[in-house]
Amino acid sequence: MPPSPLSRLRKLCLALPEAHEVEAWGEPTFRVKNKIFAMYAHANNHDGGGRQNFWRL
């Protein structure tokens, strides 16, 4: 079974220097220092629109 989209996103984001994960608005966000560079939304989240999504900021 292939890895979930969130686990793939988490692996990519946390491989970056100084990156860490913080839960915000009930979903994982990925940051360097205090700046968000990526966010994830589960399909059941109102931002997900019925699909898993992520944003690169």
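Quick look at the values:
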{"quantity": "Segment 26-36, subset part of a strand (DSSP E or B) and among the charged types (D, E, K, R), residue surrounded by the fewest Cβ atoms within 10 Å (Cβ to Cβ)", "calculated": "K35"}
{"quantity": "Any hit, segment 4-20, residues being part of a strand (DSSP E or B) and surrounded by 12 or more Cβ atoms within 10 Å (Cβ to Cβ)", "calculated": "yes"}
{"quantity": "Failed condition for E23, given (1) charged (D, E, K, R); (2) surrounded by 10 or more Cβ atoms within 10 Å (Cβ to Cβ); (3) free of Cβ contacts under 8 Å to residues at least 12 places away in the same chain", "calculated": "(2)"}
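Read-outs: derived from the displayed coordinates by stated rules, not from any lab. For clarity, every value in this text was computed on a predicted model and none was experimentally measured. With ideal geometry, Cβ positions are generated from the backbone for all residues, glycine too; neighbour counts draw on all protein chains shown.
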